[in-house]
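Single-structure report; data block below.
Bear in mind that the values in this text are calculations on the coordinates, not laboratory data. All values derive from a computational prediction rather than experimental measurement. All Cβ positions, even for glycine, are placed from backbone atoms using ideal geometry, and neighbour counts span all protein chains on display.
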Amino acid sequence: MLGTVAAAVTALLTAVPAQAAQRCDFSTTTGRYSCSGSGSVRNPSDVIGAKLFTGLDYSGDSLTIWVPRPCPKNDTVDHWVSLGNDMRNKVSSVQAWSSCWVWLYFADGQREGPFKGNEPDVGSWANDRAVTVGLS
């Protein structure tokens with residue numbers, strides 16, 4: 001009997017496909033957002049400024065933020081992105097690209113960063129708290 005139940009559970013688990021992680025893009029140049037490929041949002045000359053992930057170690061859903069050029073090092077946050085419901089309070093790991101540094105801003109006004117490269121874990125204090133992202 002136990003073997004029959006185990007076989008039924010295994011069959012059920014293999015019959016339900018795993019949900020694929022959602023890969024979305026936002027361009028600070030065009031202001032467009034889409035989960036159907038970067039070509040639908042960015043200008044041809046845009047470069048990746050950052051990638052955000054809902055899971056640790058760059059797993060789960062992701063948001064690629066496109067910027068018009070590499071970030072200048074001018075002591076200013078050059079690009080602001082208010083996160084939508086799919087990423088708000090869900091960021092767990094980040095990748096900084098094109099000389100951009102990533103700042104995570106929280107609903108209470110505090111921030112964490114800058115993250116200057118690949119950060120597989122933003123830390124327990126910042127995990128799942130970001131509502132806005134700044135790139136500098």
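Numbers for the structure displayed
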| quantity | calculated |
| --- | --- |
| Filtered residues of region 114-134 (kept if surrounded by fewer than 20 Cβ atoms within 10 Å (Cβ to Cβ) and among the small types (Gly, Ala, Ser)) | Gly117, Gly123, Ser124 |
| Residues satisfying the stated conditions in region 105-129, i.e. hydrophobic (A, V, I, L, M, F, W, C) and farther than 17 Å from Asp57 by Cβ | Phe106, Ala107, Trp125 |
| Residue satisfying condition, being more than 15 Å from the chain's Cα centre (by Cα), surrounded by 14 or more Cβ atoms within 10 Å (Cβ to Cβ) and hydrophobic (A, V, I, L, M, F, W, C), within set Cys24, Cys71, Cys100 | Cys71 |
| Hey, Trp80 surrounded by 15 or more Cβ atoms within 10 Å (Cβ to Cβ) and closer than 19 Å to Thr29 by Cβ or not | no |
